[in-house]
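Engineer: Here's a structure for you.
The values are calculated or read from the model by the stated rules, or taken from the named source; none is laboratory data. All values derive from a computational prediction rather than experimental measurement. Here the Cβ positions follow ideal geometry from the backbone for every residue, glycine too, while neighbour counts run over all protein chains shown. These accessible areas exclude ligands, DNA and RNA; they are computed on the full protein's heavy atoms, side chains included. Shrake-Rupley method; radii C 1.70, N 1.55, O 1.52, S 1.80 Å.
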Amino acid sequence: LFVKRYEEETNLRAHLVIDASSSMVFPYQEKKMQNKLSFAIYAAASLIYLLRKQRDAVGLTLFSDKIDLLTESRLSVVHAQLLYNELNKLLNNQENYLNKKTDLSATLHIIAENYHKRSLIILFSDFFDKSNAEEIFSALQHLRFNGHEVVVFNVLDVDHELNLKYENRPHKFIDLETGQVLKLNPGEIRDEFVQNQQAFQNELKLKCGQYKIELINVDVKDEFSSVLIPFLIKRSKLF
């Protein structure tokens, strides 16, 4: 007779994946707590705490136009501190992520192939690169094909990015990823802009439904309960 003892007992392997491209720093130069990247960072830190309380191993991936960080999923206290440190560095050095484009599809393909089968992938992104929508949808499908459970947090500033809620006067808009400047009156294009944005959101919702991916739309002005409660419901259903 013998007894097996494990240093790390875990129920699942979870991976937090954060889009750290320039578009996530919007709204820029306001209180850091109010932009998309900060919201994702605080939400991810909360999920690390909750996952570890449930004896789940956690890993972290940060990416922009390339993968900046990719860790294994572990349960140890030392590993958790490493993840918190990386999130803290990202939070306090957001200016280093200006003029960085997004390569979401390539990152998701890498994750699909390299993470342990049947992992829980939790993605924070604003899906800003709509020109490559089909490639992004293909990458999400790849994650599911490889046996991963996927939760997507679509992080947006709803007033400004979906509804173009600006005063009807000339504005100067600056693309945080390319630096391109566009001068226009939002009132002149609002209807068409809202229609196009809504069309993409509907398509994203449809694709996630087809692939059995949990899609949670998050407004940066919402409370963090909008992230944590849907996640806990999803976690309880899966495991």
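Engineer: Which length gain, in nm to one decimal place, applies between L98 and K221 when the Cα-Cα distance is subtracted from 0.36 nm times their residue separation?
Structural biologist: Here the segment from L98 to K221 would lengthen by 42.1 nm.
Engineer: Give the distance, in whole Å, between the Cα centre of the stretch 92-133 and the Cα centre of the stretch 150-178.
Structural biologist: Here the two parts' Cα centres lie 19 Å apart.
Engineer: If you wrap a convex hull around the Cα atoms of the chain, how much volume per residue is inside, in Å³?
Structural biologist: Dividing the Cα hull volume of the chain by its residues yields 127 Å³.
Engineer: With a probe of 1.4 Å, find how much accessible area the chain has per residue, and write the answer as a whole number in Å².
Structural biologist: Value for the chain: 53 Å² per residue.
Engineer: Calculated FRET efficiency, I189 and K130, Cβ-Cβ r, R0 22 Å, to nearest 0.05?
Structural biologist: My answer for the efficiency is 0.90.
Engineer: Gain in length, S76 to L91, computed as 0.36 nm per residue apart minus the alpha-carbon separation, to one decimal in nm?
Structural biologist: Stretched fully, the S76-L91 segment lengthens by 3.1 nm.
Engineer: Sequence-distant or interchain residues sharing an amide H contact under 5 Å with R13, placed H: which?
Structural biologist: For R13, whose amide H was placed from the backbone, the distant partners under 5 Å are L120.
Engineer: When the dipole is taken about the Cα centre of the stretch 25-113, and only Lys, Arg (+1) and Asp, Glu (-1) are charged at their Cβ, what size is it in debye, to the nearest 20?
Structural biologist: 300
Engineer: Please report the antiparallel percentage of the DSSP beta bridges confined to the chain, to the nearest 5.
Structural biologist: Among the beta bridges of the chain, antiparallel pairing accounts for roughly 25 percent.
Engineer: Taking the Cα centre as origin and putting +1 on Lys and Arg beta-carbons and -1 on Asp and Glu beta-carbons, what dipole magnitude results for the chain, to the nearest 20 debye?
Structural biologist: 860
Engineer: Can you run phi through the Karplus equation (6.51, -1.76, 1.60; θ = phi - 60°) for the stretch 177-184 and list ³J(HN,Hα) in whole Hz, with x for Gly and Pro?
Structural biologist: Values, residue by residue: 8, 10, x, 5, 10, 10, 10, 6 Hz.
Engineer: Turning to a different aspect of this structure: Please report Rg (one decimal) and Dmax (integer) in Å for the Cα set of the stretch 110-217.
Structural biologist: 16.6, 52
Engineer: Collect residues whose amide H, placed 1.01 Å from N in the peptide plane, falls under 5 Å from the amide H of K100; neighbours closer than 5 in sequence don't count.
Structural biologist: S22
Engineer: Still on this structure, please answer the following. Set the Förster distance to 22 Å, then compute FRET efficiency between N114 and S138 from the Cβ-Cβ distance, nearest 0.05.
Structural biologist: My answer for the efficiency is 0.80.
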